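Each value in this text was obtained by applying a stated rule to the coordinates, not by laboratory testing. The structure displayed is predicted, hence computed values, not measured ones. As a convention, Cβ positions derive from the backbone with ideal geometry for all residues, glycine included, and neighbour counts pool all protein chains shown.
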Amino acid sequence: MTCHCCNEGREAPQFHRFFADGCLHCAARRIQFIQRTLRLGPTETRERCRTALAQAVALGLPEPEIRRMAKLAAWQLAPNQTEGTPA
């Protein structure tokens, strides 16, 4: 099943401000959003990213994978799966 936040943000992920708990792609996109979109100072950006990462890890998401995905140039979205396609 595809994440509803990823589906809703697919058209313009850089402007979609909703992130689902427990979604790896949303966790990475949340960090991307903090780094790329919010106009914060370096200290505030770093602290918000750390908080977002800690919250995602507390939900059981893998920290190394979130970090890797957040560094990618493309905005992170869960793959779009059509009905009838196995998950």
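Details
- Principal-axis analysis of the Cα atoms of the chain puts helix 24-36 at an angle of about 40° to the longest axis.
- Relative to the longest principal axis of the Cα atoms of the chain, the long axis of helix 42-58 makes an angle of roughly 40 degrees.
- When shorter helices are ignored and each DSSP H run of at least 4 residues is given -39500 (n - 2.57), the per-residue value for the chain at 222 nm works out to -15000 deg cm²/dmol.
- Relative contact order, percent, region 4-70 [alpha-carbon distance under 8 Å, six or more residues apart]: 33 percent
- Taking the chain as a Gaussian network of alpha-carbon nodes connected by springs under 10 Å, the highest mean-square fluctuation of the residues Gln32, Gln76, Gln55 belongs to Gln55.
- By the beta carbon rule, with partners counted only under 4.7 Å, the chain holds these lone Cys residues: Cys5, Cys49.
- For the options Gly41, Gly22, Gly60, a Gaussian network treatment of the chain with springs between C-alpha atoms closer than 10 Å singles out Gly41 as fluctuating the most.
- Rough spin-label spacing in nm, given labels placed 7 Å along Cα→Cβ, for Arg17 and Leu59: 1.8 nm
- Dipole of the chain [Lys/Arg +1, Asp/Glu -1 at C-beta], most positive-end residue of Pro13, Thr37, Pro62: Thr37
- With eigenvalues of the C-alpha gyration tensor scaled by 5 and rooted, the chain, Å: 23, 15, 10
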